[in-house]
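Reading through the structure tokens given below for one structure.
The values are calculated or read from the model by the stated rules, or taken from the named source; none is laboratory data. What you see is a predicted model; the values in this text were computed from it and never measured. All Cβ positions, even for glycine, are placed from backbone atoms using ideal geometry, and neighbour counts span all protein chains on display.
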Amino acid sequence: MRFINRQRGSGTRLLFDYLLRKEQIAPGQISGYEREGYTHLAVAVAIASGNADAGLGIQAAAVSLGLDFIPVGDERYDLCIPADLWKTEEVIVVRELLEDPEFSKATRRLQGYDFRDCGKIMGKTGDE
């Protein structure tokens, strides 16, 4: 098996390194560990073109190229906004987008993503 990794510092690479440590597998045991793709799509392209047999990436990239996908974990992302920027025009545009029903409808078509809390405001806001 020929693996293609994500670049050092990427969240995907950190996850893979964590999983290797957890299973007590040395990176040198993975053929292709040092070979890097700089995007999820680059990893998927390497696999689809036959230049690699496996890699860690997101489902959307795999599906877009007709590849099989096996989930290995979930990752949560939050958008953090400083309170003093809460009422700026740019942040208001983003907030309105996240509340737009059409945006919500479009996100449901993306495989491998969970948008159930998208637009949910947690913690303090600039309105307080």
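Answer with yes or no whether R109 is surrounded by 10 or more Cβ atoms within 10 Å (Cβ to Cβ), out of contact with any strand residue (DSSP E or B) (no Cβ under 8 Å at 6 or more places or on another chain) and charged (D, E, K, R).
Taking the combined requirement at face value, the residue does not satisfy it.
With the requirement that a residue be aliphatic (A, V, I, L, M), surrounded by 15 or more Cβ atoms within 10 Å (Cβ to Cβ) and within 16 Å of the chain's Cα centre (by Cα), what does the stretch 5-38 give you?
L15
How many residues, within the stretch 29-40, are without any contact (Cβ under 8 Å) to a residue 24 or more places away in the chain and under 30 Å from K120 (Cβ atoms)?
1
Considering the stretch 61-92 alone, what residues qualify as being at pLDDT 90 or above, over 18 Å from R2 (Cα atoms) and of a type in the set (G, A, S)?
A61, S64, G66
I70 versus (1) within 17 Å of R8 (Cα to Cα); (2) within 17 Å of the chain's Cα centre (by Cα): which is the lone unmet condition?
Going through (1) within 17 Å of R8 (Cα to Cα); (2) within 17 Å of the chain's Cα centre (by Cα) one by one, I70 breaks only (1).
Taking into account only those residues within the stretch 49-98 that are without any contact (Cβ under 8 Å) to a residue 12 or more places away in the chain and hydroxyl-bearing (S, T, Y), which is surrounded by the most Cβ atoms within 10 Å (Cβ to Cβ)?
Restricting to residues being without any contact (Cβ under 8 Å) to a residue 12 or more places away in the chain and hydroxyl-bearing (S, T, Y), the top hit is T88.
Out of curiosity, is S104 out of contact with any strand residue (DSSP E or B) (no Cβ under 8 Å at 6 or more places or on another chain), surrounded by 13 or more Cβ atoms within 10 Å (Cβ to Cβ) and closer than 30 Å to I121 by Cα?
yes
Each row is one residue, and each column tells you yes or no for (1) closer than 21 Å to Y113 by Cα; (2) of a type in the set (V, I, T).
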site	(1), (2)
V43	yes, yes
L56	yes, no
E90	no, no
R95	yes, no
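Determine whether R116 is over 18 Å from V43 (Cα atoms) and outside any helix (DSSP H, G or I).
Yes.
Taking the stretch 63-103, which residues are closer than 30 Å to G50 by Cβ and outside any loop (DSSP other than H, G, I, E, B)?
The answer is V63, S64.
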